[in-house]
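Every number here is computed from the coordinates shown, using simple stated rules; none is lab data. If you're wondering where the values come from, they're calculated on a predicted model, not measured in any experiment. Using ideal geometry, Cβ is built from the backbone for each residue, glycine included, and neighbour counts are taken over all protein chains shown.
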Amino acid sequence: MTERLYYNDPYLREFDAVVRGVSRRGERLVVSLDRTAFYPTSGGQPFDTGTIGSYRVVDVLDENGGTIDHVVSDVPDTSISPGAAIHGAIDWDRRFDHMQQHTGQHVLSAAFDKRFGVRTVSFHLGAQSSTIDLAREMTAAEIAAAEDDANRVVWEDRPVAIRYADAEEAAALPLRKESLRGGTLRLIEVEGFDLSACGGTHVARTGAIGIVAIASWERFKGGQRLEFRCGARALARFRSQRDAMAGSVRLLSVLPEEIPASIERLQSETKEQKRSLTALQNELARFRAEELAASAESLHGVRAVLRAVDADANGLKALATAIVSKPGHFVVLTSAVSPLLIVIARSTDVAVAANEILAALIKQFGGRGGGRPEFAQGGGVEVGTQVLLVSARHDFVRRAQQ
C-alpha cells in the first residue's frame with residue numbers, strides 16, 4: 001500500500017521515499033514507493049509527471065491493489081533496488097494546471113446542479129481542454145447563467161477544504177453526487193457551494209482557479225457535452241483567439257464586431273463567382289469540344305477523338321461529355337502531364353464500352369479508375385501521352401471489329 005501524500009497536501013512538490021519494488025512493463029521500468037506525491041490517472045484526471053532519483057516519470061498507475069506504480073524512462077549506468085532511499089519531484093506546472101481544471105469542474109458542475117438541478121454525468125480532463133457531460137441539453141442562456149455563477153464563486157475566493165468521512169457519515173451529508181464507495185471517503189468542500197467525494201488534486205481557494213470559461217457545447221448521448229478551460233488554459237485560449245481576431249480584422253479591414261457579417265458577405269460573393277466561373281468554363285468547354293470534334297478521325301464508322309489536353313479532371317470530363325452529346329463519337333482524353341488523368345466516353349449509339357478500354361489501359365500501364373460503358377475515368381498512369389493514346393486507338397479498333 002502506497003501512502004498518497006497528495007491526498008492531504010496537493011501543493012507538495014518534492015518528497016523523500018523508499019523503493020518498495022522494481023519490475024518491468026514492456027520496455028519500461030516500473031518503480032513502487034512506500035509514499036508518493038505523484039497522482040495516478042484516476043477519476044477523469046491525468047497522471048503527474050516529474051522525476052524520482054535520476055529517472056523521468058512518464059506514467060503513474062493505480063492498478064495494483066493500492067500500490068501506486070511509477071513508470072519511468074531508463075537511465076544508462078544507473079540502477080535502483082528495493083530498500084533504497086529516493087527523492088521525488090513532480091512537474092509543478094502540470095500539477096497546478098490539473099488542480100485548476102479539476103477544481104473548476106467541481107464549481108462549474110455545482111453551478112449547473114444548484115441553479116438548474118442538472119447533474120454532471122462524467123468529467124474528463126484533457127491535455128488542452130476539459131469536458132463535462134450533462135444529463136440534459138441546456139440553452140445558451142442557461143449555460144451563460146451557470147458560467148456566471150461559477151465565476152462568482154471563483155472570484156469570491158472561497159476556501160476549498162479536504163475532509164474525510166466514512167460511508168455512513170457521508171450518507172448524511174449533502175453530497176452533490178452520492179458515492180457508491182465504502183470505507184473512508186475523501187471529500188472536497190467548496191465552502192458554502194459544493195461537497196463532493198473525490199480523490200483528485202485541487203487548489204486551496206477558488207480564487208486560484210482564475211476563471212471558468214465554457215468554450216463550446218454539443219449534443220452528446222441524450223444530454224450535452226461542454227468543453228471548458230480554467231486559469232492558464234483560459235488565458236492561452238484568449239490569446240489565441242485575440243491573435244486570430246486581430247489577423248481577421250487586418251485582412252478584412254473591418255471592426256471586430258463586423259467580422260461575421262463580412263465573412264457571410266465574402267461567402268456569398270465566392271458562391272456567385274463560382275457559379276459565374278462554372279458557366280464560363282462550360283461555355284469554353286463547348287467551344288473546345290466543337291474544335292476537338294472537328295478534328296476527329298474516322299475509325300470503323302465512328303468519329304474518334306484521342307487527344308492530350310491541358311486540363312484537370314473536371315475539364316476533361318466537361319470536354320468529353322460535350323463531344324459525346326452528339327451521335328457517333330468516341331473520346332479518349334488525357335491530361336498533358338504524367339501521371340496521367342484519363343477520361344473515356346462514348347455516344348449512346350457507339351457499341352465499344354468506355355470502361356473496358358480504360359480497364360485495358362490500366363492493366364497495361366498501371367494506375368486506377370473505373371466507370372460505366374458510357375463513361376469512365378482514371379488516374380495515376382505513369383506513361384507518355386502518345387504511347388497511351390496509340391494503345392487506346394489499337395484497342396478501340398480491335399473491339400470495334402469484333
Task: Förster radius 45 Å - calculated FRET efficiency between residue 115 and residue 257 (Cβ-Cβ, nearest 0.05) - done: 0.95
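Taking the Cα centre of the chain as the origin, how large is its charge dipole in debye, to the nearest 20, when only Lys and Arg (+1) and Asp and Glu (-1) carry charge on their Cβ atoms?
1540
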Open item on the list: Quick check on region 282-401: of the DSSP beta bridges with both residues there, what percent are antiparallel, nearest 5%?
Closed with: 70
Open item on the list: For a quick check of your reading of the filter: which trypsin sites (Lys or Arg not before Pro) in region 178-251 sit in a DSSP loop and have no more than 16 other Cβ atoms within 10 Å?
Closed with: 181, 221
Task: Signed unit charges on C-beta, dipole axis of the chain, positive-most listed residue 99, 358, 214 - done: 358
TODO: Could you tell me how many degrees, from 0 to 90 and to the nearest 10, lie between the Cα long axis of helix 140-155 and the main elongation axis, the longest principal axis, of the Cα atoms of the chain?
DONE: 40
Open item on the list: Using the basic label-point model (7 angstrom from Cα toward the beta carbon), what is the residue 264 to residue 351 distance in nanometres?
Closed with: 6.1
- [ ] Please work out how many pairs of lysine residues in the chain are eight or more positions apart (or on different chains) and have Cα atoms closer than 23 angstrom.
- [x] 7
- [ ] Whole Å is fine, so just give me how far the alpha carbon centre of region 223-239 lies from that of region 319-385.
- [x] 53
TODO: Describe numerically, in nm with one decimal, the distance between label points set 7 Å from Cα along Cα→Cβ at residue 18 and at residue 155.
DONE: 5.2
Task: Global form of region 5-109, assessed from the alpha-carbon gyration tensor, a/c cut-off 1.5 - done: prolate
Task: residue 372 versus residue 402: modelled label distance in nm, points set 7 Å from Cα along the beta carbon direction - done: 2.1
TODO: On each of the three principal axes of the Cα atoms of the chain, give max minus min coordinate, whole Å, ordered largest first.
DONE: 96, 58, 41
Task: Cα centroid separation, region 166-181 to region 291-308 (Å) - done: 85
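What's the magnitude of the charge dipole for region 237-324 around its Cα centre, counting Lys and Arg as +1 and Asp and Glu as -1 at the beta-carbon? Answer in Debye, nearest 20. Write out the running numbers ahead of the final one.
Working: 13 positive and 12 negative charges, 62 e Å.
With Lys and Arg at +1 and Asp and Glu at -1, about 300 debye.
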- [ ] Return the single residue from 163, 346, 95 with maximal mean-square fluctuation; model: Gaussian network over the chain, springs between Cα atoms under 10 Å.
- [x] 346
